[in-house]
Amino acid sequence: MTYRVGIIGATGMVGQRLVLLLHSHPWFKVVALGASASSAGQTYKDAVAGRWKMSAPLPSNIAEITVKDALVSAKEIAAAVDFVFCAVDLPAKQTLELEEMYAKLECPVISNNSSSRMTADVPMIIPEINAGHTAVIAAQRKRLGTRRGFIAVKSNCSIQCYVPALHPLKKFGLSRILACTYQAVSGAGKTLESFPEMIDSVIPFIGGEEEKSETEPLKIWGEVENGGIINAKRPSITAQCIRVPVSDGHLAAVFASFDRAPDLYEVVDLWDNFKGEAQKLTLPSAPKQFLRYFREENYPQTRLHRDLENGMAVSIGRLRRDCQYDIKFVSLSHNTLRGAAGGAVLMAELLCAQGWIK
Ligand code: NAP
């Protein structure tokens, strides 16, 4: 079956990644593109002229699609597609209004934005970790008064570089996490060329990122109860998020403590053998080996490993004991692939496979 899809925010950093991932996707066919009024009415090729940020060329089968105003043409877009991806740079309230408008037009929304992430009946999915959270969609449809429409969100890109590595270790009673993230400039929708303050410098502040890094994992690890997700009570998480002069790829230095400290070989064994729902369902965008542990002492490295398995795998290294926490390690993921557009495409595949999008 082929699903007709739209991309709202198609001209932005995440939108461009979505275009590249979807132009030859086996299940999804891009038929509509939306952005702000300033891009509307132009062909996609003209709308991104001079601001195409990808290293791969713009796909010819999408270049000639006319971009529509995502707000003004919402009805038209919703009627033409089976669902939309949404990645817009708007204040939270306006993003929520835009997404709910599409959902109420009976068009499911696969969102990269943060405005609905902590709403109990909106699933925030990392398909390998909490695929069962999609069950809350039934309650959300009731709240919105929809038959088909709903919103499902992706988590923040920063947590996707370390939460997957910690997930299989929960069985040891994960109690405390300290994560320091080193985040690429593409996370701010920029390139090294368009962010000159980053040359020869690091910036120790990313607005809102530390709060998201400390709270979103608790929803990901939460339980479905009465149509909503109840956040996990633990572990206790503290995070520090730093912008570094790297184009793509968020890397985290992670420290963790447990009720029962695992042996290091147990940890590596769990990483080597981990398979989530995305692998079990053999979804088209699922990496074969989601968690990849490198034994080389100077791995993972952002430039060398961010594209592992099309940017959908998480690279881990430097596992060792710590004098304050039980273990420490370093992990890395591609922030606009696994952390944004690729994670959204994988989530959409999951929702189709589970029958939430028909
Ligand atoms: P971006 O490069 O600034 O792109 C923003 C997009 O939003 C553009 O397509 C823009 O269209 C569109 N837009 C702005 N105002 C609009 C309006 N009124 N109606 C419809 N579309 C409008 O931003 P980005 O980096 O792609 O991020 C987009 C979202 O994804 C944000 O919520 C961000 O937090 C999230 N996210 C980003 C990353 C990342 O690594 N970059 C990772 C995870 C999540 P015009 O071109 O017409 O202005």
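Data table
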{"quantity": "Meets criteria (in contact with a strand residue (DSSP E or B) (Cβ under 8 Å, 6 or more places away or on another chain) and more than 9 Å from the ligand (Cβ to nearest atom)) for Gly6", "calculated": "yes"}
{"quantity": "Failed item, numbered, when Thr238 is tested on (1) part of a loop (DSSP other than H, G, I, E, B); (2) β-branched (Val, Ile, Thr); (3) surrounded by fewer than 19 Cβ atoms within 10 Å (Cβ to Cβ)", "calculated": "(1)"}
{"quantity": "Failed criterion for Ser285 (all others in (1) more than 16 Å from the chain's Cα centre (by Cα); (2) assigned to a loop (DSSP other than H, G, I, E, B) hold)", "calculated": "(1)"}
{"quantity": "Verdict on Val314 being in contact with a Ser or Thr (Cβ under 9 Å, 6 or more places away or on another chain), in the same structural domain as Leu22 (by TED's automatic domain parsing) and under 30 Å from Ala10 (Cβ atoms)", "calculated": "no"}
{"quantity": "Count - residues of the stretch 322-344 that are in a loop (DSSP other than H, G, I, E, B) and polar (S, T, N, Q)", "calculated": "3"}
{"quantity": "Count of the stretch 44-73 residues which are hydrophobic (A, V, I, L, M, F, W, C) and touching a Gly at 6+ places or on another chain (Cβ under 8 Å)", "calculated": "2"}
{"quantity": "Exclusive hit being away from the ligand (no atom under 16 Å from the Cβ), touching a Gly at 6+ places or on another chain (Cβ under 7 Å), more than 17 Å from Phe255 (Cα to Cα) and not charged (D, E, K, R), set Ala139, Ala135, Ala184", "calculated": "Ala139"}
{"quantity": "Residue check for Thr146: within 10 Å of the ligand (Cβ to nearest atom) and either of a type in the set (S, T, N, Q) or more than 19 Å from Val31 (Cβ to Cβ) (or both)", "calculated": "no"}
{"quantity": "Among the candidates Glu76, Glu106, residue that is assigned to a helix (DSSP H, G or I) and modelled with pLDDT of 95 or more", "calculated": "Glu76"}
{"quantity": "Filtered residues of the stretch 119-163 (kept if small (Gly, Ala, Ser), in a loop (DSSP other than H, G, I, E, B) and touching a strand residue (DSSP E or B) at 6+ places or on another chain (Cβ under 8 Å))", "calculated": "Ala120, Gly149, Ser155"}
{"quantity": "The one condition in (1) more than 17 Å from the chain's Cα centre (by Cα); (2) not in a loop (DSSP other than H, G, I, E, B) that Ala232 fails to fulfil", "calculated": "(2)"}
{"quantity": "When residues of the stretch 181-202 are limited to those that are more than 21 Å from Asp307 (Cα to Cα) and of a type in the set (S, T, N, Q), the one modelled with the lowest pLDDT", "calculated": "Ser194"}
{"quantity": "Of all residues making up the stretch 43-102, the number that are farther than 24 Å from Ser115 by Cβ, hydroxyl-bearing (Ser, Thr, Tyr) and within 14 Å of the ligand (Cβ to nearest atom)", "calculated": "3"}
{"quantity": "Every pair of residues 6+ apart whose Cβ atoms lie under 6 Å, when the first sits in the stretch 104-118 and is assigned by TED's automatic domain parsing to the domain that holds Phe150 while the second is within 13 Å of the ligand (Cβ to nearest atom) and among the aromatic types (Phe, Trp, Tyr)", "calculated": "Val109/Tyr102; Ile110/Phe85"}
{"quantity": "Residues of the stretch 81-101 that turn out to be more than 20 Å from the chain's Cα centre (by Cα), in a helix (DSSP H, G or I) and not charged (D, E, K, R), as a count", "calculated": "2"}
{"quantity": "Residue in the stretch 42-60 that is touching a strand residue (DSSP E or B) at 6+ places or on another chain (Cβ under 8 Å) and in a loop (DSSP other than H, G, I, E, B) present", "calculated": "yes"}
{"quantity": "Residue satisfying all of: in the stretch 19-42; within 13 Å of the ligand (Cβ to nearest atom) and among the hydroxyl-bearing types (Ser, Thr, Tyr); farthest from Phe85 (Cα to Cα) among these", "calculated": "Ser38"}
{"quantity": "The stretch 168-209, residues that are buried (at least 24 other Cβ atoms within 10 Å of the Cβ) and assigned to a helix (DSSP H, G or I)", "calculated": "Ser186, Gly187"}
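The values are calculated or read from the model by the stated rules, or taken from the named source; none is laboratory data. All values derive from a computational prediction rather than experimental measurement. So basically every Cβ, Gly included, is an ideal-geometry build from the backbone, and we count neighbours across all protein chains shown.
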